[in-house]
Amino acid sequence: LGEYRRMATVPTGDGPDLPKLTDRETEVLRFVAKGLSAKQIGTRLGVSHRTVENHVQATLRKLQLGNRVELARYALENGLD
């Protein structure tokens, strides 16, 4: 289902751009793509693992993805790794 939603929101060139992520969401997304846990990301960024999870959830909502695996795949496909 997540893959279908992702494909349905891929721009065709004449539609709207990709959803706008905050700088912090993009930073967390890059760490997720590298396979780091929320605790590891939190340690690197100096925030709690819950804050990291909140950023992950917000990013999943904006990109209409279902889980961290889809999020990592999105990051790799869009050169955010």
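The values are calculated or read from the model by the stated rules, or taken from the named source; none is laboratory data. A quick note: this is a predicted structure, and the numbers were derived from the prediction, not measured. When we count neighbours, we look across all protein chains shown, and the Cβ atoms used for this are built from the backbone with ideal geometry, even at glycine. In case anyone asks, the SASA skips ligands and DNA or RNA and just uses the protein heavy atoms, side chains included. Shrake-Rupley method; radii C 1.70, N 1.55, O 1.52, S 1.80 Å.
Quick notes on this one:
- Every residue from the stretch 32-69 that is out of contact with any Ser or Thr (no Cβ under 7 Å at 6 or more places or on another chain), closer than 19 Å to Lys20 by Cβ and either open to solvent by 50 Å² or more (accessible area, probe 1.4 Å) or in a helix (DSSP H, G or I) (or both): Val32, Ala33, Asn54, His55, Val56, Gln57, Ala58, Thr59, Leu60, Arg61, Lys62, Leu63
- Residue match in the stretch 10-33 (condition: at pLDDT 95 or above and among the aromatic types (Phe, Trp, Tyr)): yes
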